[in-house]
1. What number of residues in region 222-232 are touching a strand residue (DSSP E or B) at 6+ places or on another chain (Cβ under 8 Å) and either surrounded by fewer than 24 Cβ atoms within 10 Å (Cβ to Cβ) or aliphatic (A, V, I, L, M) (or both)?
2. Filter region 325-335 down to the residues that are open to solvent by less than 40 Å² (accessible area, probe 1.4 Å) and either over 12 Å from TRP396 (Cα atoms) or at pLDDT below 90 (or both) and list them by number.
3. Hey, any hits in region 398-407 for a residue that's in contact (Cβ under 8 Å) with a residue 24 or more places away in the chain, open to solvent by 30 Å² or more (accessible area, probe 1.4 Å) and either under 16 Å from ASP234 (Cβ atoms) or touching a strand residue (DSSP E or B) at 6+ places or on another chain (Cβ under 7 Å) (or both)?
4. Among the residues of region 346-355, is there at least one that is among the basic types (Lys, Arg) and either surrounded by 22 or more Cβ atoms within 10 Å (Cβ to Cβ) or modelled with pLDDT under 90 (or both)?
5. Do we have PRO704 as part of a helix (DSSP H, G or I) and either out of contact with any helix residue (DSSP H, G or I) (no Cβ under 8 Å at 6 or more places or on another chain) or farther than 30 Å from VAL682 by Cα (or both) here?
6. Of everything in region 64-96 that's surrounded by 22 or more Cβ atoms within 10 Å (Cβ to Cβ) and polar (S, T, N, Q), which residue is modelled with the lowest pLDDT?
7. Would you mind finding the one in VAL416, VAL370, VAL459, VAL446 that is under 30 Å from ALA713 (Cβ atoms), among the β-branched types (Val, Ile, Thr), touching a residue at least 40 places away in the same chain (Cβ under 8 Å) and touching a Pro at 6+ places or on another chain (Cβ under 6 Å)?
Amino acid sequence: MPNRNSRPSSVFLRKARPFIKLKVALLVIVSVIAVTSGASYAILTSVNNDLPQIPNLKNYKPPVGTQIFSEDDHLIGRIKVDKGIFVPYAQIPNTLKKALVAVEDARFYEHGGLDFQGIVRALVKDAFSLSLKEGGSTITQQLAKVLFLTPEKSLTRKLKEALLARKIEQTLTKDQIIELYLNKVYFGHGAYGCEMAARTYFGKRVGDLTLGESAMIAGLVRSPSNYSPYNNMDAARNRQKTVLGRMVDEKFISQGQADQAAAQTMILKNLRSSDEAAPYLVEQIRIYLEGKYGADMVYMQGLTVKTTINYRFQRAAVKAVEEGIKNHGKRQAWHGPLAKKKPEELEKFQDDPSAGATTFQPGDFLTATVLRTDDKGAYLSARGSKGVIAAKDLMWAAGLNKDKKKPQDILKPGFVVEVKVKSFDKKTKVANFTLEQSSTAQAALVCLDPWLGSIKAMVGGCDFQKNEYNHALLAHRQPGSSFKPFIYAEAMEQGLTPATVINDAPMSYDDDKWKPRNYDGEYYGPTTLREALVQSRNVVTIELLHRVGVASVIDLAKKLGISGPFARDLTLGLGSCSVSPLELTAAYCAFANGGYKVAPYVIESVADARGKVLETNGVAVQEAMSTDAAYQVTSILKDAVTRGTGKLASYLGRPVAGKTGTTNDYKDAWFVGYTPYLVTGVWVGYDDQKSLGHGESGARAALPIWFNYMTQAAPSYPADDFQVPDGIEFVDIDSKSGLLPIKGSEVIKEVFRKGNVPTEFTPVEKAVLPVAVTTEATPADAPDKKPAKRLEDAD
């Protein structure tokens, strides 16, 4: 006979556990019955006293918050407590309402907030699992949780949820509960409420959803991440079929309607909502407004903010940054697949696209699974559709590995990879993809009106959801050679000219302790300041800084709005200071507008709910350098574009000036370029300041982003050239000596201040050409066709 005091065996535990579970289940059930019948009055009173106060939900209208508009009256952001866009009950399609009820709470119209059958069923299940799981909650209970409660899992919270549900049911009609629920619940990917869900997933208003789309959105409520069609189309499709099946069971639709909806092609929108055109900017505006007006004013009082942002420019800027960073990722060694699926997992993919396949839009980025490869390329499945990657669109991943000569050497069946949609054939439902690779590098773009200082576009990073740090405003990095124009501007102010010659030869400073070198390690002897800046010669620039004075250059930089800190030594000639993309871009405005510092601003006006204007902002400029010096620098930087490191910008097809910048080990890549109407700066780099990769100079990493953006923005303005100041004259000089030409000189027209033209002629021994060749550097002239050395990385 077993000893009652001895430890029970594991066999006894296994036999006894069902009885223990049953006891727990019965106790829980009895407790619920007691609560609902009033037996535990003291407990109910305690919980009830701790409940949050319910406002007048019947007349519930979400606070408008603050709305932010572009200069062309597009809504670019909202700041409010209630996320999403509130939609009245009448504008929500019946298909979505019925889909929600069918899958989440079939007895919704029969109970008074608590479905006792469901509660008992769920509690029994919880008791037997010896845990508290979510389950048995009605739509009203879920609404109570969303509106008033924390997501904790406890018996107390469940009691609060039940009591609040009863109060809500006593306050609102069933239709009002559905309206409020569908406007408050989270659908994944930043979409709060059904309107934002419809826009996020399908790029349409909620009232335009089809039955199939409604079923897919309703299915997201239970688990937005697991059932997201962006994350897992198979799971989303299965969940959609479950919802449609429940709708058939409840006789909301026929089986034929369900079958037709399940076969509907899902056209997913590229994952970015129109209200996210400027998330970094909206966040900075929120911080400013809260600091000035207080949180209540910002979130509850219905402010309206008018900004200087051009909506079309902003969208183009976001796209240019995204593509630029994607291209940077592809230039790096391929990291390999994101994941690998087992052979048995590939069996579910059919050889032909299913009737319910997803369609794609060119430019979409997504993940796909490799099914097979051959000499022609790879064949993949993505979101239920099939696609192909031609060999030419994936062989970049081979890099320098000479052993990888065929697609089969790179991609294997089961590989999960990033792809971009090139095109989609609606008849065959097959997409053409390119193999992609994300980069974790960051980028910032700022575009300003150089005459007003108004911000026309701003991108603070690559993905606000992943990194909210606004690099355009907050990232202070070394500018490299993009700082050099300020040194040359100070030289012009001190009376030097673009024709001034400095010997490009090895030099030493600080008692021979520092010997700067040119990027390419070569030296070209006597060099004019024009050529030195165009070709970004380090040694000449440092000697120029030595002559004009470090303090003088820092003073000019500060006058232009660059706050530093600065290296107060000759390394400043290589850009050894700290500057944000906004500061640097704003400083370049002085070159475009004739020497005036502008104060960048983005908020044009702030008004309250009644339309009363609370503040306005506008132009604030002050002279920082002479108009003549500003134009002389612009003249040189035009050459830096046409035949220097900024060559790509010349293909914009209009007068452009600009300068690249690259720091040591390719940690930062810059390009700031401008027309008479727009100044745009781009920075690319890693937050941890690691190298962008060998050869990732300003010309390669930053300039293409600038170019892709400006091809969209610049055509909005005339293709005018920079205005020549009255104090400037163009004089023929010898291109090498910088002096007046003689027979045999290579002649160019150089830009001088009146009264500062050279009076000496070129010595005979320096005029090396047997025949005079005339080139010109006037504003309307064609670029010099002589190729520059190391255009991409002479930075």
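The values are calculated or read from the model by the stated rules, or taken from the named source; none is laboratory data. Predicted model, so just to flag it, every value in this text is computed and none were measured. Neighbour counts run over all protein chains shown; Cβ positions are idealised from the backbone, glycine included. Note: accessible area is taken over every heavy atom of the protein model, side chains too, but ligands, DNA and RNA are not part of it. Shrake-Rupley method; radii C 1.70, N 1.55, O 1.52, S 1.80 Å.
1. 2
2. Those that are open to solvent by less than 40 Å² (accessible area, probe 1.4 Å) and either over 12 Å from TRP396 (Cα atoms) or at pLDDT below 90 (or both): ILE325, LYS326, HIS328.
3. no
4. Yes.
5. no
6. THR66
7. Numbers: VAL416 fails: under 30 Å from ALA713 (Cβ atoms); VAL370 fails: under 30 Å from ALA713 (Cβ atoms); VAL459 fails: touching a Pro at 6+ places or on another chain (Cβ under 6 Å).
None of the other options fit; the residue is VAL446.
For every residue, the table says whether it meets (1) crowded, with 23+ Cβ neighbours inside 10 Å; (2) of a type in the set (Val, Ile, Thr).
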{"residue": "PRO526", "(1), (2)": "no, no"}
{"residue": "LEU529", "(1), (2)": "yes, no"}
{"residue": "VAL534", "(1), (2)": "yes, yes"}
{"residue": "THR541", "(1), (2)": "yes, yes"}
{"residue": "HIS546", "(1), (2)": "no, no"}
{"residue": "VAL553", "(1), (2)": "yes, yes"}
{"residue": "LYS559", "(1), (2)": "no, no"}
{"residue": "GLY573", "(1), (2)": "yes, no"}
